[in-house]
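Undergrad: Please read through the structure below; I'll follow up with questions.
The values are calculated or read from the model by the stated rules, or taken from the named source; none is laboratory data. As the structure is a computational prediction, the values presented were derived from the model and not from experiment. Neighbour counts are summed over all protein chains in view; Cβ atoms, including those assigned to glycine, are modelled from backbone coordinates with ideal geometry. What goes into the accessible areas is simple: the full protein's heavy atoms, side chains included, and nothing from ligands, DNA or RNA. Shrake-Rupley method; radii C 1.70, N 1.55, O 1.52, S 1.80 Å.
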Amino acid sequence: MDLLLKDAAENLTCLGPDSLSMRIGLSGPPGAGKSTFIEKFGKHLTGCGHRVAVLAVDPSSATTGGSILGDKTRMPELTVDPSAYIRPSPARGHLGGVTRSTNEAIVLCEAAGYDVVIVETVGVGQSEISVADMVDLFGLIIAPAGGDELQGLKKGIVEMCDMVIVNKSDGDLLPAAMRTQADYLSSLKYARPRWRDWRVPVLRVSSVTCEGLEKLWATMTSYRKLMLTSGQLLQRRREQQRTWLHSHLQEAVMTEFMNTGGMAAVLADMEKKVSAGIVTPGNACDELVLKYKQLLK
């Protein structure tokens, strides 16, 4: 991975920021049609000469820990496209379904020549924010009649997105899609913009007729151009790397903490005391850290 990062840095120096791939994160509630949309959108991009990688994170069972990993079955056309690559992976209990391997898989796909990398994540509402820390553009996919404008404001995910995509804008759902678009446009007027020069657009698309896909891609490229010109894209990626360093560090420290001899038993005993109301969670944490320091000496 270090060699790939070094090679990427050399390419950036020689070719400039325009050589960077476009990282797109897509999320949304179940039933919004994310997989169908990604297939049609991916086919549109490969038809325009792009090479597309799709990293689809599948939810893991809370009981068995297993995942179906059936995203390829929902994208039959894109799966056999020679200019596309689809990699499903299990969420494994991570918040938002974004795992450490997903972040590194983005780098591998870019090294393999894919200039558009799409990360599809588990649609779980407000907890789905970690994907925004590994992509250049974060899009929220919603279905028509998914809630009024007030509900749109309540969703923390709306505050993180750079674009709202109203899917299924066709047939009998067209009027509802237009109302949903208007509701979100109205609600976003009261939301603080993430970027000074970018107003979050709300676009309607159809995964059946492919209507709106061309305009959507044009809007995405306009966003990328703005971010490149202002220097915010490179700044955003540097900040994302620091964020993921801290995330990996927390995970590694917790693993080391649990693997230290005797700490698992001490933690289990402390959990019983917390559950019984004998000690507060804060004080329990302080005692565990103190015990851990003593074991290290």
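Undergrad: With respect to the numbered conditions (1) touching a helix residue (DSSP H, G or I) at 6+ places or on another chain (Cβ under 7 Å); (2) among the polar types (S, T, N, Q); (3) open to solvent by 80 Å² or more (accessible area, probe 1.4 Å), which one is the sole condition not fulfilled by Gln250?
TA: (1)
Undergrad: Please find, within region 179-215, the residue that is least open to solvent (accessible area, probe 1.4 Å) out of those that are part of a helix (DSSP H, G or I) and either among the β-branched types (Val, Ile, Thr) or free of Cβ contacts under 8 Å to residues at least 12 places away in the same chain (or both).
TA: Among those that are part of a helix (DSSP H, G or I) and either among the β-branched types (Val, Ile, Thr) or free of Cβ contacts under 8 Å to residues at least 12 places away in the same chain (or both), it is Thr180.
Undergrad: Can you go through Lys215, Lys272 and tell me which one is touching a Leu at 6+ places or on another chain (Cβ under 7 Å) and of a type in the set (D, E, K, R)?
TA: Lys215
Undergrad: Now a separate question. Given the criterion assigned to a helix (DSSP H, G or I), touching a helix residue (DSSP H, G or I) at 6+ places or on another chain (Cβ under 7 Å), loosely packed, with under 14 Cβ neighbours inside 10 Å and not β-branched (Val, Ile, Thr), identify the matching residue among Ala284, Ala264, Ala218.
TA: Every option except Ala264 fails the conditions.
Undergrad: Here's something else I'd like to know. Considering region 164-178 alone, what residues qualify as being in contact (Cβ under 8 Å) with a residue 40 or more places away in the chain and at positive phi?
TA: Lys168, the sole residue that qualifies.
Undergrad: Can you name the residue in region 251-261 that is more than 15 Å from Cys285 (Cβ to Cβ) and assigned to a helix (DSSP H, G or I) and is also modelled with the lowest pLDDT among such residues?
TA: Of everything passing the filter in region 251-261, Glu251 is modelled with the lowest pLDDT.
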